[in-house]
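The values are calculated or read from the model by the stated rules, or taken from the named source; none is laboratory data. Treat the numbers as computed from the prediction; the structure is a model and nothing was measured. Here the Cβ positions follow ideal geometry from the backbone for every residue, glycine too, while neighbour counts run over all protein chains shown.
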Amino acid sequence: MACTNSVIADKKCFEEATCIYCAFHGLKCIYAKSVKKRGPKMTNRSANIFENNF
């Protein structure tokens, strides 16, 4: 998992206290928790239910 600044800049991050990218640019290295959602998106699910009813 990369820090938010590395993700935005599309750079590699090695999950250190302060990654090299943030240290070089003087940025605060922040790691956000990623939340994985399960199942299909609601728009797809409701579209499938709508099609099956007709």
**Report entry** Scope the stretch 1-31; condition surrounded by 12 or more Cβ atoms within 10 Å (Cβ to Cβ) and of a type in the set (Lys, Arg); matching residues
**Finding:** LYS11
Report summary line: The residue that is modelled with the lowest pLDDT, considering only those in the chain that are in a loop (DSSP other than H, G, I, E, B) and of a type in the set (S, T, N, Q), is SER34
Report summary line: Contact list, first residue from the stretch 1-24 and touching a residue at least 12 places away in the same chain (Cβ under 8 Å), second anywhere and among the polar types (S, T, N, Q) and assigned to a loop (DSSP other than H, G, I, E, B), beta-carbon distance below 8 Å, six or more apart or interchain, is MET1/SER34
